[in-house]
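Read the figures in this text as sums done on the coordinates, not as results from a lab. Only a predicted model underlies this, so the values are computations on that prediction, with no experimental measurement involved. As a convention, Cβ positions derive from the backbone with ideal geometry for all residues, glycine included, and neighbour counts pool all protein chains shown.
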Amino acid sequence: MLKTITPIDNTIYVERKFATSEEINNALTLSKKALIDWRHNPLEERKKIVSLFVEKFLANDKEVEEELCRQMGRPISQCNGEMKGFKERALYMIEKSNEALQNVVSKKNKEFDNFIAKEPLGTIFVIAPWNYPYNTSVNSIVPSLLAGNCVILKHSSQTPLCAEQLYKAARSSGLPDGVFQYLHLDHNSTSKIIEDKRIDHVLFTGSVSGGKQVKRSIGERFINAGLELGGKDPAYVRKDCNLDHAIENLADGVFYNSGQSCCGIERIYVDIEVYDHFIEGIKNFTEKYILDDPLKKETNLGPVVRLSAAQFIRDQIKDAISNGAQDIIDKNNFNISKDDNCYVSPSVLVNVDHSMKFMMDETFGPSVGIMKVYNEKEAEALMNDSPYGLTASIWTKDKEFALKFGKKIHTGTFFMNRCDYLDPGLAWTGVKDTGVGVTLSVLGFDHLTRAKSYHYRAV
């Protein structure tokens, strides 16, 4: 039995039965049957249906937002932001689908008509996480459907209602039976589906260990997987930056969604000339956060997802402090935080270094480590000293310097003067242990299709 414990008060919020072997087999069979017609449906027709799917989902925003808040603890005041992100990404991918899926012409004249077509892969298995349950899944679901694939969605056991909401919208939009399905699955059943020959591609967002399990389940099968895994994203604050802008935006990058963002800021390297001012500013900014019941409209910092996550964050911070780090935040402002609940007070740690797990391992909580640096070479070395590479940012007024510096940083996305945002027109990708593959942008469609060459000669 699937049981979702709400981090608001650690009570059971949702209970669902896991899919049986028969239900799993039926879903896979139905998907393959639906694929026969869906893949040959004209793109313009697929666009109409997918557009209606998006419209139907967004129309139910208030119910969706409250469910989201209760399932994973994000403040209700911030839940509409995910709906806006869902809309922005979905509409962009619909708009760009013609360009992304058009044939690539090799030669066209009186004698030859040669081109490369982009054909759907088949049935795509999407394994979505709880931290941004709609924004991560839309990256995969919408372009997959537009490309002519069928989708089976397995959502996190923390956010099962998200899968159900998406399915409800899909059915009411006229998507043919079997084109989009969901299954509530345990780990063993998830692995068995990946192993099944009826699955043609896997898209997974989650932990590094989860990504390794996906690869093991694929085994010797000749299919690919898109893996978006962990992050420990850094920022470099130069002395020429707009300091107030940097403080406000980096604080948001650290603490939004209680720090439970793959691309959340977890490390900040500050030029020694502005270090003291930056520390003072981010301390003052952080201590204004309201950590409380996420259903209250004034709350802007909610609980982390579960007790085990809260304990992990607290233990990592304690370990750093035992090794010389200092938390500069006054905890009296956050009395709701207790060892037996999911409300974790924000932490800003100084006197940290890369010998500490806190600066090397993903924390995924409302905390950040800040180090002073003396020059750009030191900043570069520290930013690259990580097993992860999802995003990185620089805060400066010098665009030319930022362009040169960005080329040296091992990351999937490099920002200047912002962080923690996905432009749907840019490829969302990572390097090192952050994973493989691309979502979003026109390039995202290439990972959901296979090339088929046509060589026509007139005689």
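Apply the Karplus parameterisation 6.51 cos²θ - 1.76 cosθ + 1.60, with θ equal to phi minus 60°, to every residue of the range 259-267 and state each ³J(HN,Hα) to the nearest whole Hz, in sequence, with x for glycine and proline.
Calculated HN-Hα couplings, in order: x, 9, 10, 4, 9, x, 7, 10, 9 Hz.
For the chain, with the dipole built from +1 on Lys and Arg beta-carbon atoms and -1 on Asp and Glu ones, taken about the Cα centre, which of ALA59, ALA458, ALA379 lies farthest toward the positive end?
The one lying farthest along the dipole's positive direction is ALA458.
Using the Karplus equation 6.51 cos²θ - 1.76 cosθ + 1.60 (θ = phi - 60°), what ³J(HN,Hα) coupling, rounded to whole Hz, does each residue of the range 419-431 give in order, writing x for Gly and Pro?
Working through the residues one at a time gives 7, 6, 9, 10, 7, x, x, 9, 5, 9, 7, x, 10 Hz.
So for each of 200-210, 277-287 I average, over its residues, the number of other beta carbons within 10 Å; can you give me the resulting order with the highest mean first?
Values: 200-210: 20.6, 277-287: 17.6.
In decreasing order of mean packing, 200-210, 277-287 become 200-210, 277-287.
Given a Förster distance of 25 Å, report the FRET efficiency between GLU298 and GLU63 from their Cβ-Cβ distance, rounded to the nearest 0.05.
On the way: r = 22 Å, r/R0 = 0.87.
The value I calculate is 0.70.
Show the residues, 5+ positions off or on another chain, whose built amide H is closer than 5 Å to the amide H of PHE18.
Close amide H contacts, sequence-distant or interchain: LEU2.
Multiply the residue separation of GLN311 and ASN80 by 0.36 nm, subtract the distance between their alpha-carbon atoms, and state the gained length in nm to one decimal. Display every interim value, and only then the final one.
Numbers: separation 231, 0.36 × 231 = 83.16 nm, distance 2.84 nm.
Working it through step by step, the gained length comes to 80.3 nm.
Residues of the range 184-199 with backbone nitrogen within less than 20 Å of a virtual label 7 Å along the Cα-to-Cβ line of GLU119, please, listed as ranges.
Under cut-off, by backbone N: 197-199.
Read phi for every residue in the range 348-357 and hand back ³J(HN,Hα) as whole Hz from Karplus 6.51 cos²θ - 1.76 cosθ + 1.60, θ = phi - 60°, with x for Gly and Pro.
Computed from phi, the couplings for the range 348-357 are 10, 9, 10, 6, 9, 8, 7, 7, 8, 4 Hz.
What number, in percent, do you get for the relative contact order of the chain if the mean sequence gap of Cα pairs under 8 Å and at least 6 apart is divided by its residue count?
On the way: 982 pairs, mean separation 92.0, N = 459.
Across the chain, relative contact order equals 20 percent.
Of the listed pairs LYS297/LYS338; LYS296/LYS397; LYS108/LYS407; LYS84/LYS357; LYS62/LYS288; LYS87/LYS107, which have alpha-carbon separations greater than 32 Å here? Write down the numbers at each step before the final one.
Values: LYS297/LYS338 22 Å; LYS296/LYS397 38 Å; LYS108/LYS407 38 Å; LYS84/LYS357 35 Å; LYS62/LYS288 27 Å; LYS87/LYS107 38 Å.
Over 32 Å Cα-Cα: LYS296/LYS397; LYS108/LYS407; LYS84/LYS357; LYS87/LYS107.
Tell me, in nm to one decimal, what length is gained between GLU220 and SER106 on full extension, where the rule is 0.36 nm per residue of separation less the Cα-Cα distance? Write down the numbers at each step before the final one.
Details: separation 114, 0.36 × 114 = 41.04 nm, distance 3.33 nm.
Length difference between fully extended and current span is 37.7 nm.
With unit charges on the beta carbon (Lys/Arg positive, Asp/Glu negative), name the residue among LEU28, LEU68, VAL270 whose Cα is farthest towards the positive pole of the charge dipole of the chain.
The one lying farthest along the dipole's positive direction is LEU28.
What's the FRET efficiency of GLU400 with SER172 using the Cβ-Cβ distance as r and R₀ = 45 Å, to the nearest 0.05? Numbers along the way, then the final one.
Values: r = 51 Å, r/R0 = 1.14.
So, using R0 = 45 Å, E works out to roughly 0.30.
If each residue of separation counts as 0.36 nm, what is the full-extension length gain between GLN326 and HIS277 once their alpha-carbon separation is subtracted? If you can, show how the numbers build up before the last one.
Numbers: separation 49, 0.36 × 49 = 17.64 nm, distance 1.70 nm.
Gain on stretching GLN326 to HIS277: 15.9 nm.
Percent relative contact order of the range 233-423, based on C-alpha pairs within less than 8 angstrom and at least six residues apart?
30
Contact order normalised by length for the range 133-282, with contacts defined as Cα pairs under 8 Å and 6 or more residues apart; what percent is it?
16
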